[in-house]
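What follows is a short report on a single structure.
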Amino acid sequence: MVTDRYRVVPASYVLLLRGEADRTEVLLQLRANTGFMDGYWAAAAAGHVEAGEDALAAAVREAHEELGVTIDPADLAPLTAVHRTRSTGEPIDERVDFFFTCRRWSGEPHEAESGKTAGLGWFPLAVLPEPTVPHERAVLDALRTGGPAAITSHGFR
């Protein structure tokens, strides 16, 4: 009997996009007071999938909690899943991240979660701000150049 299984923490990311083709912009937040990659630019809406919800429901919830926008799950386009590790051996550092793009939502995106961001900004995919969270930058760079693979990995040897 296996008693100590490998565990991963799932998270959903919403990349709000506007513009067309080579003028596409993505909404990013400058992380602050979260304990993870503070001072880095990241997806404007992202967070853990909670017990009892699926990745789509988590994406919709996070977009509402963090940006004050309402998204119909049908407007989320699956982009990629990233299996990543920080190689610490701690379950919290073993992740599976579900990335979605979204081009339609209701409401004006704003800093809805007080104290967890130092700002929001729209950035061209071709000119991302520094520093950007590394695994998210890899997804954004791949999106700019034609799209990432359906499943990617980050941090493994």
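Of all the numbered requirements in (1) closer than 24 Å to GLU65 by Cβ; (2) in a loop (DSSP other than H, G, I, E, B); (3) in contact with a Lys or Arg (Cβ under 8 Å, 6 or more places away or on another chain); (4) among the hydrophobic types (A, V, I, L, M, F, W, C), ALA126 misses one, and that requirement is (1).
The stretch 1-89 holds strands (runs of 3 or more DSSP E) entirely within its bounds, and those carrying 3 or more residues that are free of Cβ contacts under 8 Å to residues at least 40 places away in the same chain map to 45-48. When each of GLY52, GLY68 is tested for being on the phi > 0 side of the Ramachandran plot, surrounded by fewer than 13 Cβ atoms within 10 Å (Cβ to Cβ) and not β-branched (Val, Ile, Thr), the lone residue that passes is GLY52. Scan the stretch 90-113 for residues that are part of a loop (DSSP other than H, G, I, E, B), under 14 Å from ALA45 (Cα atoms) and of a type in the set (Asp, Glu) and report the count. Adding up the residues that qualify gives 3. Counting the residues of the stretch 76-110 that are more than 16 Å from the chain's Cα centre (by Cα) and modelled with pLDDT of 95 or more gives 6.
Pull up the stretch 1-58, narrow it to residues that are out of contact with any Asp or Glu (no Cβ under 6 Å at 6 or more places or on another chain) and among the β-branched types (Val, Ile, Thr), then point me to the one that is farthest from VAL96 (Cα to Cα). If we take residues in the stretch 1-58 being out of contact with any Asp or Glu (no Cβ under 6 Å at 6 or more places or on another chain) and among the β-branched types (Val, Ile, Thr), then THR24 is farthest from VAL96 (Cα to Cα). The residue that is surrounded by the fewest Cβ atoms within 10 Å (Cβ to Cβ), among those in the stretch 26-46 that are out of contact with any strand residue (DSSP E or B) (no Cβ under 6 Å at 6 or more places or on another chain) and not polar (S, T, N, Q), is GLY35.
The set of residues in the stretch 89-137 that are out of contact with any strand residue (DSSP E or B) (no Cβ under 9 Å at 6 or more places or on another chain) and farther than 25 Å from ARG7 by Cα comprises ARG104, GLU108, ALA112, GLU113, SER114, GLY115, ALA126, VAL127. The residue pairs whose first member lies in the stretch 131-157 and is crowded, with 18+ Cβ neighbours inside 10 Å, whose second member is assigned to a helix (DSSP H, G or I) and among the aliphatic types (A, V, I, L, M), and whose beta carbons are closer than 6 Å, counting only pairs six or more residues apart or on different chains, are PRO148/VAL139; PRO148/ALA142.
The values are calculated or read from the model by the stated rules, or taken from the named source; none is laboratory data. What you are looking at is a predicted structure, and each value in this text was computed from that prediction instead of being measured. Virtual Cβ from ideal backbone geometry, glycine too; neighbours counted across all protein chains shown.
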